[in-house]
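The values are calculated or read from the model by the stated rules, or taken from the named source; none is laboratory data. All values derive from a computational prediction rather than experimental measurement. Quick reminder, even Gly has a Cβ in these numbers, built from the backbone with ideal geometry, and neighbours come from all protein chains shown. For the accessible areas, the whole protein counts, side chains as well, though only heavy atoms, and no ligand, DNA or RNA atoms are used. Shrake-Rupley method; radii C 1.70, N 1.55, O 1.52, S 1.80 Å.
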Amino acid sequence: MQKPIAELIRQRYSCRKYQDKPIDGGQQRLLSDFLGLKSAGPLGARARFVLVAASDRDRQSLKGLGTYGFIRGAVGFIVGAAERAPRDLEDYGYLMEHAVVFATDLGLGTCWLGGTFSKSGFAKKIAVTAREIMPAVAVVGYIAEDSRFGGWIRKRAGSDLQFPWESLFFDEKFGEPLTPERAGFYAEPLEMVRLAPSASNKQPWRIVRVGEALHFFLQRTKGYGEGSLLFRVLHLADLQRVDMGIAMCHFELTARELGLTGHWVIDEPDIKKPDKNMEYTVSWKRALV
Ligand SMILES: Cc1cc2nc3c(=O)[nH]c(=O)nc-3n(C[C@H](O)[C@H](O)[C@H](O)COP(=O)(O)O)c2cc1C
């Protein structure tokens, strides 16, 4: 990437209005080559991604796919398929968000779209098999000129809607806020998690630092995720697990750029959870050199 990760993450927002102009051939190649490099997520699920041009039909079909924003002028989509695996949705989120950050570096606007894509025309574009899932796609294209100002206002409004540190990050146990000062060199990677996109902007990630390890938990929104009526009726993918993968991506890319080496492990710590809607996802363990 050309620009620092933190700058790209701060620059990104969900763009919902695009210029009616195809993505430049050189940029298409760079993005497609980048997508071609992705094959497995950090938690072991295999996935593949491609860039496709949007047809008028795709734009129409978006309306029936349970996507809640109104996207105008979409010219391209990043579509993907992950093989079913225990952490497939987290890995899908991680890999797709890496592509979103890469597209941001190319100066392109993006917007995640979650919905029931596995049986849609989008799934046909990448020939999703029965062993695979397609929980979301991303729109990509040139940000419409006149939406830039609107985008800025929206971003400002949006950033006011991001939860503060004390609601998201904890020291040793839930209920004990982790301040940026106490987070030390983890302050920037955690701030980049705070700015991550999430389905319906629910920001479900909660992180507890214990010593040199950071434990990532999913605070489920009641009536939203797996098991809820809404989820069953609409056959929605468990997008809050995708959100966790997005948070992992922002955290890891920022940490690595700062030279903080480490790795992901699934090893639930003995931490008292505040309620039954809090689920353990993964931990980042620092590699001490
Ligand atoms: C998994 C996922 C699914 C999303 N689905 C939609 C969608 O269907 N329609 C839409 O307009 N925005 C969608 N979004 C964008 C979120 O609404 C947006 O990320 C959130 O409101 C925060 O705003 P920001 O991305 O501008 O920072 C989705 C985001 C994620 C991560």
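Some notes on this structure:
- Inclusion of E90 among residues that are farther than 21 Å from L31 by Cα and within 13 Å of the ligand (Cβ to nearest atom) is warranted.
- From the list E257, E166, E252, the lone residue that is loosely packed, with under 15 Cβ neighbours inside 10 Å and more than 16 Å from the ligand (Cβ to nearest atom) is E166.
- Boolean, K119 is closer than 14 Å to A237 by Cβ, free of Cβ contacts under 8 Å to residues at least 12 places away in the same chain and not hydroxyl-bearing (S, T, Y): yes
- When the helices (runs of 4 or more DSSP H) confined to the range 145-221 are screened for residues that are touching a Lys or Arg at 6+ places or on another chain (Cβ under 8 Å) and either among the aliphatic types (A, V, I, L, M) or modelled with pLDDT of 95 or more (or both), those reaching at least 1 such residues are found at 165-168, 180-183.
- The residue of the range 1-43 that is least open to solvent (accessible area, probe 1.4 Å), among those that are within 16 Å of the ligand (Cβ to nearest atom), over 25 Å from L89 (Cβ atoms) and not in a helix (DSSP H, G or I), is Y18.
- Scanning the range 260-272 turns up no residue that is closer than 24 Å to S118 by Cβ, of a type in the set (A, V, I, L, M) and open to solvent by 30 Å² or more (accessible area, probe 1.4 Å).
- Members of the range 105-118 that are within 11 Å of the ligand (Cβ to nearest atom) and either farther than 17 Å from A199 by Cβ or within 11 Å of the chain's Cα centre (by Cα) (or both): G109, C111, W112, L113, G114
- Close contacts from the range 1-26, counting a first residue that is in contact (Cβ under 8 Å) with a residue 40 or more places away in the chain and over 17 Å from V139 (Cα atoms) and a second that is open to solvent by 80 Å² or more (accessible area, probe 1.4 Å) and outside any loop (DSSP other than H, G, I, E, B), with Cβ to Cβ under 7 Å and a gap of 6+ residues or different chains, come to P4/E257; I5/E257.
- One residue stands out in the range 44-58 among those that are part of a helix (DSSP H, G or I) and in contact with a helix residue (DSSP H, G or I) (Cβ under 9 Å, 6 or more places away or on another chain): the one that is nearest to the ligand (Cβ to nearest atom), namely D58.
- Residue match in the range 73-93 (condition: touching a Cys at 6+ places or on another chain (Cβ under 9 Å), in contact (Cβ under 8 Å) with a residue 12 or more places away in the chain and within 25 Å of M248 (Cα to Cα)): yes
- Which numbered condition G259 misses (of (1) under 21 Å from L95 (Cβ atoms); (2) part of a loop (DSSP other than H, G, I, E, B); (3) modelled with pLDDT of 95 or more): (1)
- Scope the range 70-87; condition in a strand (DSSP E or B) and either touching an Asp or Glu at 6+ places or on another chain (Cβ under 8 Å) or within 13 Å of the ligand (Cβ to nearest atom) (or both); matching residues: R72, F77, I78, G80, A81, A82, E83
- Criterion violated by T104 - all others in (1) under 17 Å from P135 (Cβ atoms); (2) polar (S, T, N, Q); (3) open to solvent by less than 40 Å² (accessible area, probe 1.4 Å) satisfied: (1)
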